[in-house]
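First comes the structure, then the notes that go with it.
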Amino acid sequence: MTGKVIEEARPRPGVATRPMAARSRYRLVERLIPILMITPSIIAIAVFVYGFIGWTTVVSVSRWQGIVPDLSFAGFRNYAALLTSYRFQSDIRNTIVFTVFFLIGSLSIGLLLAVLLDSKVRGESFFRTVYLFPMALSFVVTGTVWQWLFTPGAPGQPTGLNLLFEQIGLPVFQTWSTVSHVWPGGGWKPEWLRVPFGVPLAMIPVIIAAIWQMSGFTMAMYLAGLRAIPDELREAARVDGASEWQVFRWITFPLLQPVTLSAVIVLGHISLKIFDLIMTQTGGGPGFATDVPGIFMYETTFKSNKYAEGAAVAIVMLLMVSVLIVPYLIWRLRTETER
Amino acid sequence: MSIRAPRAPRFHPTRLIIYSVMIAFAAFYLLPVYLMLITGMKSFAEVNISRMWDLPSGLRFDSFLAAWQTLKPSFLNSIKMVVPATVLSSLLGSMNGYVLAKWKFRGSDTLFTAILFGMFIPYQSILIPLVLTLQRMGLYGSIPGLILTHVVYGIPITTLIFRNYYAAIPTELLEAAKVDGAGFFGIYRRVILPLSATGFVVVAIWQFTSIWNEFLFGLVITNSPQQRPVTVALQNIAGSQYTMWNVQMAGALLVALPTLLVYILLGRYFLRGLLAGSLKG
């Protein structure tokens, strides 16, 4: 305390003692400098994120369906056309199926591996490195490799993973990547729904590839979460006679809830906007069985020059991601300011 | 001094199960890499779909050479794009993180949240205006255009990582420097920067990996084979008339190599970047 006062009182070379007025002006400048320094970034984000989203929204309600731009207002007909189109309905179904299975798979495998790694095993860092390395790869690399792994062979001549499955006595899932069949399909459905509802079988190889790439990430998150739980907490429960399962079920698992939430946010937003992986692994086929809005938007806009339709798809994608992300960001902001 | 003799290590059957499961999963993750390696070492004639798992007849690197011949120009493009984009976005992120962590002003937390939103959006929702804007700026189809794009859309994540990183620096250090007469830049240069080395490594690795691996911008913003990054070129090998799996697998491994090396050598920092984006700092 006193040291501070003395420091301030003692005149130092190079620092002129300022009169009061100049001092307060200096304070104002000092408060403005930080804001000035992040202004370029703020402008960039304001234009490239918010401005461009607004611009895309304008395109999505326009008549711009060819090479020549036409921004005259068309109402919501582009959206209406999407909702009744076979391809877009498949895309929404596929996105839901992909997201649900991808999340369940990545979360459960990630949790399992983290718990195993946390049980004082030998070679932990080796296993951790192996489990996590696919995260360093591009989705394009993953898609290329898994395409080869699931290459369909001639009927009766299984290849790739199917061959491996056969050799170890598992049934052959040969047709996975070649048929557009949806399981279970059929059954009653509302009149406006043009696509069969269920799991497109061709989606399974894509989901497996995505889990291969991302489950190491959930493993790392859960492992960090596990390491943050104080040992005494679990030790106390063990002393009280709790079994290992009870310790996990009633102490560890509840304390991992925030990790699960973070993982759902991160993986969920990735899977809702998935593009690279599916584009390289299946290209959306066969027959839109693995098509997703990201591919639809890309092809409609940049291959067919239907800008208004592509923009409408993009805005629907943004809305889907926002439903997940915006509440999370607001909650994060609230808890941060409370601290 | 313990009176009892040390307990002999007991054999737990659960241990056996644990290790079996862990090894099985390790095999699952390594399987595709193994396949890339053995397929890449085969000749085109040798690549037979029904003998996918057979070992190659010898150590041969023809396919890797062939893949390198095809990918080399785009490989260089990727380097020309990744290096400046990584440097620029790290510098921007450092400055933003410094301001948002240590020079808070009214509304700065809300502003930070608004910036963060930019890293979650599907880029499809900004792609049409982006292409039009780059065309008007004369940057469409060029590497500088890609650099600008990656720098701008890298702002949210680099700002987030640096903000969390700087939040851990005790405010007393800054106060002391202020008392010594240091202002905004003085504190940055004398207190923050010397403590930033790890932060820069984490952010640079993160940006290097994500920009190298990125596909959508590369696909849409470039229009000529001369400018495209390596991920787009790899996807193009796959789209050629008949698929030469040996070249394709060799190519995939080549594309994966830079980020894989960074991961193996600097895995600790890679992990920190990974977790920085997901856990509350």
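Bear in mind that the values in this text are calculations on the coordinates, not laboratory data. Remember, predicted model here, so these are calculated numbers, not experimental data. Because the Cβ atoms are built from the backbone with ideal geometry, glycine has one as well, and the counts that use them run over all protein chains shown.
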Taking only Cα atoms of region B:67-276, what ratio of Rg to Rh do you get with Rh as the Kirkwood inverse-distance radius? 1.05
As I understand it, the dipole of the protein assembly as shown uses +1 on the Cβ of Lys and Arg and -1 on the Cβ of Asp and Glu, about the Cα centre. Which of A:42, B:236, A:319 lies farthest toward its positive end? A:42
Among the DSSP H helices of chain B, those whose Cα atoms extend at least 15 Å along the helix axis and whose mean Kyte-Doolittle hydropathy is -0.5 or higher are B:13-40, B:62-102, B:124-137, B:143-167, B:197-213, B:245-265
Relative contact order as a percentage, chain B, C-alpha pairs under 8 Å and 6+ apart, gives 30 percent
By count of other Cβ within 10 Å, fewest leading, how are B:150, A:181 ordered? A:181, B:150
Whole-number percent relative contact order across region B:1-139, with pairs defined as alpha carbons under 8 Å at least 6 apart: 12 percent
Listed residues B:35, B:59, B:219, most fluctuating in chain B (Gaussian network, C-alpha, under 10 Å): B:59
In whole percent, the Cα-Cα distances of the protein assembly as shown spread across 10 Å bins from 0 upward as 3, 14, 23, 25, 18, 10, 5, 2, 0, 0
Could you state the per residue volume, in Å³, of the convex hull enclosing the Cα atoms of region B:61-189? 173 Å³
Please state the charge dipole magnitude for region B:1-139, taken about the Cα centre, from unit charges on C-beta atoms (+1 on K and R, -1 on D and E), reported in debye and rounded to the nearest 20. 620 debye
Compute the separation of the alpha-carbon centres of region B:97-145 and region A:222-242 and state it in Å as a whole number. 42 Å
Note down the magnitude of the dipole of region A:92-295 about its Cα centre, charges +1 on Lys and Arg C-beta and -1 on Asp and Glu C-beta and zero elsewhere, to the nearest 20 debye. 200 debye
Would you work out the Kirkwood radius for region A:92-295? I mean one over the mean of 1/r across all pairs of different Cα atoms, in Å. 18.9 Å
Ellipticity estimate at 222 nm from DSSP helix runs (n ≥ 4, -39,500 (n - 2.57)) divided over chain B, nearest 500: -23000 deg cm²/dmol
Top mean-square fluctuation among B:15, B:136, B:60, Gaussian network model of chain B, C-alpha springs under 10 Å? B:15
Starting from the amide H of residue B:182, placed 1.01 Å from N in the peptide plane, find each other amide H under 5 Å away whose residue is 5 or more places distant or on another chain. none
Mind telling me which of B:259, B:133, B:209 comes out most flexible in a GNM of chain B, alpha-carbon contacts under 10 Å? B:133
Can you run phi through the Karplus equation (6.51, -1.76, 1.60; θ = phi - 60°) for region A:108-118 and list ³J(HN,Hα) in whole Hz, with x for Gly and Pro? 6, 5, x, 5, 4, 5, 5, 5, 4, 5, 7
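Can you give the average number of partner chain beta-carbon atoms within 10 Å of each beta-carbon in peptide B:150-159, as a whole number?
3
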Amide H neighbours of residue A:62 under 5 Å, at least 5 residues apart or on other chains, H built in the peptide plane: list them. A:74
